[in-house]
1. Filter the range 343-380 down to the residues that are buried (at least 21 other Cβ atoms within 10 Å of the Cβ) and among the charged types (D, E, K, R), then identify the one that is farthest from residue 117 (Cα to Cα).
2. Which numbered condition trips up residue 76, out of (1) crowded, with 16+ Cβ neighbours inside 10 Å; (2) free of Cβ contacts under 8 Å to residues at least 40 places away in the same chain; (3) not polar (S, T, N, Q)?
3. Name the single residue that is farthest from the chain's Cα centre (by Cα) among those in the range 241-264 being of a type in the set (D, E, K, R) and under 15 Å from residue 110 (Cα atoms).
4. Quickly run through the range 326-344 and pick out the residues that are closer than 25 Å to residue 88 by Cβ and without any contact (Cβ under 8 Å) to a residue 60 or more places away in the chain.
5. Enumerate the strands (runs of 3 or more DSSP E) found wholly within the range 1-115, keeping only those where 1 or more residues are over 30 Å from residue 333 (Cβ atoms), in contact with a Ser or Thr (Cβ under 6 Å, 6 or more places away or on another chain) and modelled with pLDDT of 95 or more.
6. Tell me which residues, restricted to the range 36-73, are surrounded by 13 or more Cβ atoms within 10 Å (Cβ to Cβ), over 25 Å from residue 244 (Cβ atoms) and among the small types (Gly, Ala, Ser).
7. Name the single residue, out of those in the range 146-172 being modelled with pLDDT of 95 or more and within 18 Å of the chain's Cα centre (by Cα), that is nearest to residue 349 (Cα to Cα).
8. Collect the residues in the range 113-142 that are among the basic types (Lys, Arg) and surrounded by fewer than 21 Cβ atoms within 10 Å (Cβ to Cβ), keeping them in residue-number order.
Amino acid sequence: SDYYNFSQRTVGDFFSEVKKKGFSKAFGDRKMWNEMRMTDRDISDVSGYTYTHLMNGKNPATQFKALFKKGEKIRLRFINAAAMTFFDVRIPGLKMTIVAADGNHIKPVSIDEFRIGVAETYDVIVQPKSNKAYAIFAQSIERSGYALGSLTPNVSMLAKAPRMDAVPVLTMADMGMDMNKMDHGGGMKCSGGMKMPKKKSMKKMKFAAMEAQKYPISKLPMARGVQTTMMAMSPKYRLDDPGVGLRNNGRKVLTYADLKNRYSTRRDKKPDREIILHLTGNMERYMWSINGIKYADAKPLRFHYGERLRITFINDTMMNHPMHLHGMWSDLETGDDNHLVRKHTIVVQPGSKISYRVTVDAKGAWAYHCHLLYHMAGMFRKVVVA
């Protein structure tokens, strides 16, 4: 994946870091990443230097055009149909109200921007107040390119693309490190601008409650070796983290913690058991797997028809993985059991963990995989429901 990464750190970047952090801290950071044979700018495997990002088949020069009349409410459905690219979507000058995730109704959330993983969908409502063209701007997560459309009252009026944000830099939190143990002053700011709060918020307390939930765990085979060069030492639920490149950017960014089912899930069955799946890989050799075992060598996952299953993913890699289970819905845990949001694709952030519940109601054999095209060969499982 380094082949497409033209935003690597340089000697000039190192001297800039020395000015900001001091020599010892800057050198320590570089030494740590080099010893791991990793780079904190390895965000995407394939970038805009290779891809031309399209919106409904139109490139940024020709632009997809969505017509509107001033004052009317418009519903836009965003579907990430890319093979390998996460997009950060905004419409400068307009607030967006998210009303559905993966085709399922949620309680409306007003935001400025959202990140959409491969295969995810979001429905938003906007209401333009002026007769001008608004940019529908979707920049790639690694900031090497963008898709662009115009929300416009006239096909002859096209919007200009805003400037792309700075190239993101991964933090220790993205490595699955315990940032609390690194806090020596009652509150710190990590590289990348991720503030670490002194006190637990209500959301953090809900996440702690999620940690405390205990269900019988079905142990699965696990392998370690050359195919797994990294392990998250302290993975956390980070549902309120917008993700690398979006933290503290001055805009209201959607997070999974904001998603609540429009309808009550209070009476949904509690999980009967839990399985834990590690997303693993060797980024230098480009090897991807689940629990350190590639698909070709893996036994099927066995789900029991009629059970309520809790699945916890732990991401031992530095990349986002959109995990997709065929045939059954995934009810994402966000700390509110009364309004579990229903999705078909769940993004697992680097170095984090995430849990969701599945009602096993479809007999047969099903695919379960990372939706990034070039990860799928290894990060894939066959699920058998019987």
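The values are calculated or read from the model by the stated rules, or taken from the named source; none is laboratory data. Being a predicted model, the structure only gives us computed values, none of them experimental. Backbone-built Cβ (ideal geometry, glycine too); neighbour counts: all protein chains shown.
1. It comes out as 357.
2. Looking at each condition in turn, residue 76 falls short on (2).
3. 262
4. Selection gives 330 alone.
5. 64-67
6. Residue satisfying the conditions is 66 alone.
7. 165
8. 129, 132
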